[in-house]
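The values are calculated or read from the model by the stated rules, or taken from the named source; none is laboratory data. As the structure is a prediction and not an experimental result, all values here were calculated from the model. Every residue, glycine as well, gets a Cβ built from its backbone with ideal geometry; the counts of neighbours run over all protein chains shown. These accessible areas exclude ligands, DNA and RNA; they are computed on the full protein's heavy atoms, side chains included. Shrake-Rupley method; radii C 1.70, N 1.55, O 1.52, S 1.80 Å.
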Amino acid sequence: AIDSDAAGFGFPNTQTTAGVDAVYANAAGSYVFALIIGILMITSEFKHGTAIATFLVTPKRQQVLVAKLATGAAAGLVVQLLAFFFAVGAALGYLALQPNSAEPTISKLVSIFFAALLSGAVLGIVGIGIGALIKNQAIAVTGSLIWLFLVEPLLLTFAPGIGKYLLSGAITGIL
């Protein structure tokens, strides 16, 4: 019923450089996992009761939190690094099947790579912060996902000017 070749569903096709770059831009889309890993890194200590032993060994909460922040940043970076290479591999496979696909812009691919790493590190840190504030693991993860996938899109729909101040707006800005 829908002539997808004529309409294109609003997406650029893979015969243009913009279309190929859009396929590769999805390589930074796994930042949600970096956020969740950051949340789980600290809330699991409270959930399983190991936070008591941690704070008995190192009674200064600031040192523990700084170590968790550094570890969260590293974990988010690794998650985004792996996701980037898997996504680029999938994009290469997809584009190999497309007739007459254009070549990607290398500078765009490099900037997506660095943006993916930066967003992973930042969201690993944000996840640690959320987990430190909301100690219940289920509430922290569920609340973060509801915020990212429901509240922010609604806010952007009704007040698009505030988008750059929201979490997804910051990630889009980095990208």
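Data overview
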quantity	calculated
Portion, in percent, of the accessible area of segment 39-160 that falls on carbon or sulfur, probe 1.4 Å	76 percent
Cβ crowding within 10 Å averaged over residues, with 128-137, 70-79 ranked highest first	70-79, 128-137
Per residue solvent-accessible surface (Å²) - the chain, probe of 1.4 Å	59 Å²
Surface/4 estimate of mean projected area, convex hull on alpha-carbon atoms of segment 95-168, nm²	7.8 nm²
Computed [θ] at 222 nm, helices only, for the chain once each DSSP H run of length n ≥ 4 contributes -39500 (n - 2.57)	-24000 deg cm²/dmol
Contact order relative to length of segment 57-162, as percent, for alpha carbon pairs under 8 angstrom and 6 or more apart	38 percent
Reduced Cα scattering model of segment 20-163, Debye log10 I(q)/I(0), q = 0.11, 0.21 Å⁻¹	-0.52, -1.17
Largest to smallest accessible area among Lys68, Lys47, Lys108 [probe 1.4 Å]	Lys47, Lys108, Lys68
